[in-house]
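The values are calculated or read from the model by the stated rules, or taken from the named source; none is laboratory data. Since this is a predicted model, take the numbers as computed values, not measurements. Methodologically, a virtual Cβ is constructed for each residue, glycine included, from the backbone with ideal geometry; neighbour enumeration extends over all protein chains shown. Keep in mind that these areas ignore ligands, DNA and RNA; they rest on the heavy atoms of the full protein, side chains included. Shrake-Rupley method; radii C 1.70, N 1.55, O 1.52, S 1.80 Å.
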Amino acid sequence: GNSQADVIYYSPQNMINPKPIVVAASTEMDAPADFTNYGMLLDVSAPGGGINAPLDSEPQRNILSLKSSTCDPGICHPGLIVGTNYLRQAGTSMSAPHVSGAAALILADNPTLTNDEVRQVLRASADDLGEAGFDSYNGAGRIDAMRALQVDSVSHVDISNPSYGAFISKSAGPVTITGTAGGSNFQSYQLFYKQIEISNNQWIPITPQINTPVYDGQLG
């Protein structure tokens, strides 16, 4: 989505069971594109356009795309056409095909992976951008197709309770966090929390590192 809004307000991006791969747009400077949607439901980012600039030149439309033979002049402005079969464009509609292509490579290399395992491979192999670790403007980072093809196993991670977007009163007392943390090469997991409305706020640990995997059970 290109609405500068949280993906929680849009479907299918806000689906959680099953969860789709949710993609943000990044620029050639590995920064979030000024139009991209964002949110804690993001998975990864991918090239979607450049930095903003005057509309008469539109250098932000720097993703090379196939040009339809019947392309509307409003989209296929002469200044955007490259050769006869291509044009420059921008948007998360440019980012999503990058990720679809990487997912296809992952499945071609390992066709036994489930949809969610492909999503986890993309996240685990992404180049971290912005704040260290996951953040709501880049997700796990910009996809790296070559690195993704080197991942031979992934973790299974899911928090089922509290649900995304849940409101919990402090007066309710301790909250049980349930879900899954495991996988073939599992070593440990740790829970953190963060007040996302506070700029540059740090992740704070809830639990120590726990060395026992949990499947559909209490995480903390």
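Assorted remarks:
- Of Asn85, Asn110, Asn138, the one that fluctuates the most in a GNM where the chain has Cα springs shorter than 10 Å: Asn85
- Summed residue charge, Cβ within 12 Å of Asp30's Cβ, Lys/Arg positive, Asp/Glu negative: -3
- Computed over Cα pairs, the Kirkwood radius of the stretch 89-131 leads via Stokes-Einstein (1.306 mPa s, 10 °C) to a diffusion coefficient of 139 µm² per second.
- Taking the chain as a Gaussian network of alpha-carbon nodes connected by springs under 10 Å, the highest mean-square fluctuation of the residues Gln60, Gln209, Gln195 belongs to Gln195.
- When you count the other C-beta atoms within 10 angstrom of each residue and take the mean per peptide, 71-79, 17-25, 40-48, 111-119 line up highest first as 40-48, 17-25, 111-119, 71-79.
- For the stretch 1-149, a simple Cβ point-charge model (Lys and Arg +1, Asp and Glu -1, everything else neutral) yields a dipole of about 380 debye relative to the Cα centre.
- Among Phe192, Phe186, the sequence by solvent-accessible area, most first, with a 1.4 Å probe is Phe192, Phe186.
- Accessible area of the chain divided out per residue, in Å², using a probe of 1.4 angstrom: 59 Å²
- By the helix-only formula, in which each DSSP H run with n ≥ 4 contributes -39500 (n - 2.57) and the sum is divided by residues, the chain has a 222 nm mean residue ellipticity of -4500 deg cm²/dmol.
- Centroid-to-centroid separation of the stretch 103-162 and the stretch 29-44 [C-alpha atoms, Å]: 16 Å
- Convex hull per residue volume in Å³, alpha carbons only, for the chain: 151 Å³
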